[in-house]
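To keep things clear, I will list the structure first and then write my remarks on it.
Quick note: the coordinates plus some simple rules give every number you see, no bench work behind them. Note that this is a predicted model, so its numbers are computed, not measured. For neighbour counting, all protein chains shown are included, and Cβ atoms are generated from backbone atoms with ideal geometry for every residue, glycine included.
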Amino acid sequence: MISDSQVFTCQEEQAGRLDKFLVGCLPGYSRARLQALIRDGQVSVNGKPASKAGQIIEAGAQVVVCIPPAQPGDLAAEAIPLEVLFENADLMVVNKPAGMVVHPAPGHAGGTLVNAALAHAPDMEGIGGEVRPGLVHRLDKDTSGLILLAKNDHAQQWLQEQFSRRSVQKAYIALVDGRPPTPRGRIEAPIGRDPLHRKKMTITPEGKGRAAVSEYATLETFPEHTLLEVHPLTGRTHQIRVHLAFLGCPVTGDTVYGRRKPSLELRRHFLHAHRLTIILPGESSPRTFEAPLPAELAQALSQLRKASLL
């Protein structure tokens with residue numbers, strides 16, 4: 001396959017780091033993708049291979065970028081139904097069901113959200129130099145709700161920058177066993193890998209894990225449970241589940257961080273990505289997307305309400 005070569009001349013106001021210059025010339029590609037092209041020898045400056053991403057270029061320098069065609073990965077499109085709440089040329093907003101893994105991994109070679117997305121939108125190709133949809137955040141297998149998929153490099157970079165700046169507003173609905181110490185509060189506790197159970201996360205001493213912050217507010221109380229709205233201000237693995245267990249009120253049905261025997265008849269944990277506010281590519285005002293509670297969680301909540309009236 002023939003690479004797509006593009007030639008750029010550095011203007012005086014563009015002088016500086018090579019990777020920064022290329023981001024301005026090729027806004028449809030993420031900085032990470034352009035840095036990878038530099039490492040792979042696909043970028044030359046004045047006829048010589050670029051030495052590194054931070055190479056300084058001066059006004060008048062001629063930069064040639066060779067962009068190889070996307071290489072087929074090992075991801076197969078699968079015709080799995082998806083509940084797409086919003087879609088345009090840049091992205092999809094999907095209401096992921098519980099039980100669906102986001103991306104293929106050991107033990108989950110197929111049947112994932114990514115496999116389904118490839119079948120739904122075959123034009124989601126070439127992101128990051130590989131034929132695959134652009135994940136910008138994730139949800140646990142048994143967490144339902146809103147998730148974004150970028151359809152091109154520009155959209156992926158746009159969305160990732162908002163997540164990295166923590167400007168994305170996320171709200172989760174969680175039913176917990178017991179109740180938190182206060183009706184609303186803020187949890188600041190670092191999270192890291194559990195040294196004894198490598199598939200689990202845990203609260204770590206200061207300086208050991210990664211900073212993690214969650215805020216919560218009580219929506220409804222029951223004799224043995226509490227319904228919360230939780231806002232994760234950072235995006236650590238299993239963050240909400242670990243933080244709520246740390247408070248002494250684990251997510252109902254969470255057999256990993258909570259009770260081994262669920263307090264309600266649920267086949268999953270009661271955690272749902274309910275609302276997400278973000279600025280879409282090319283727009284200036286934020287948009288808010290919402291996904292209602294899935295039927296099994298709404299039913300469990302209804303039963304709790306009825307029992308509390310008895």
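Evaluate the Kirkwood expression for the hydrodynamic radius of segment 162-205, namely the inverse of the mean inverse distance over all pairs of different C-alpha atoms, and round to one decimal in Å.
13.7 Å
Report the gain in length on full extension from Gln299 to Gln11: 0.36 nm times residue separation, minus Cα-Cα distance, nm rounded to one decimal.
97.4 nm
So, by mean Cβ neighbours within 10 angstrom, what's the order for 7-19, 241-253 with the highest one leading?
241-253, 7-19
If each residue of separation counts as 0.36 nm, what is the full-extension length gain between Phe86 and Ser285 once their alpha-carbon separation is subtracted?
70.0 nm
What does the highest-first list of 83-90, 264-271 look like by mean Cβ count within 10 Å?
Per-residue Cβ counts within 10 Å, averaged per peptide and sorted highest first, yield 264-271, 83-90.
Between Gln162 and Lys141, what is the spin-label point distance in nm, taking each point 7 Å from the Cα along the Cα→C-beta axis?
With each label placed 7 Å out from Cα toward Cβ, I get 3.0 nm.
Expressed as a whole percent, how much of the Cα-Cα distance distribution for segment 4-67 exceeds 17 Å?
Cα-Cα pairs in segment 4-67 separated by more than 17 Å: 25 percent.
Obtain the radius of gyration and the Kirkwood radius of the chain from its C-alpha atoms and give Rg over Rh.
1.04
Taking the C-alpha atoms of segment 84-164, how large are the radius of gyration and the largest Cα-Cα span, Dmax, in Å?
11.9, 32
Please give the FRET efficiency for Arg267 paired with Ala211, using the beta carbon to beta carbon distance and R0 = 25 Å, rounded to the nearest 0.05.
0.15
What residue among Ser164, Ser44, Ser285 shows peak mean-square fluctuation when the chain is described by a Gaussian network model with Cα springs under 10 Å?
Ser285
Distance between the C-alpha centers of segment 80-117 and segment 218-260? Whole Å please.
24 Å
Is segment 137-239 best put as rounded, prolate or oblate by its Cα gyration tensor, with a ≥ b ≥ c the root eigenvalues, rounded for a/c under 1.5, and otherwise prolate when a/b is larger than b/c, oblate when not?
oblate
Which loop trypsin sites (Lys or Arg not before Pro) in segment 150-235, with loop taken from DSSP, have no more than 16 other Cβ atoms within 10 angstrom of their Cβ?
Counting only loop positions with at most 16 other Cβ atoms within 10 Å, the trypsin sites (Lys or Arg not before Pro) in segment 150-235 are Arg165, Arg166, Arg198, Lys199, Lys200, Lys208.
If you count, for each residue, the other Cβ atoms within 10 Å and average over each peptide, how do 291-297, 155-161 line up from highest to lowest?
Packing proxy ranking, top to bottom: 155-161, 291-297.
Which listed residue (Ala211, Pro232, Pro68) has the Cα farthest towards the positive end of the charge dipole for the chain, taking +1 on Lys and Arg C-beta and -1 on Asp and Glu C-beta about the Cα centre?
Working it through, the farthest residue towards the positive pole turns out to be Ala211.
Per DSSP helix of 4 or more residues, -39500 (n - 2.57); summed, then divided by the residues of the chain. What does that give at 222 nm, rounded to the nearest 500?
Roughly -5500 deg cm²/dmol at 222 nm, from the helical runs in the chain.
Which value, in debye to the nearest 20, gives the size of the charge dipole of segment 169-309 about its Cα centre, when Lys and Arg are +1 and Asp and Glu are -1 at the Cβ?
480 debye
Stretch Ala32-Phe222 to full length: gain in nm at 0.36 nm per residue minus the Cα-Cα span?
63.6 nm
What distance in nm lies between label points placed 7 Å from Cα along the C-beta direction at Ala307 and Cys66?
6.6 nm
Which value results for Rg/Rh of segment 45-121 when Rg is the Cα radius of gyration and Rh the Kirkwood radius based on the inverse mean 1/r?
1.23
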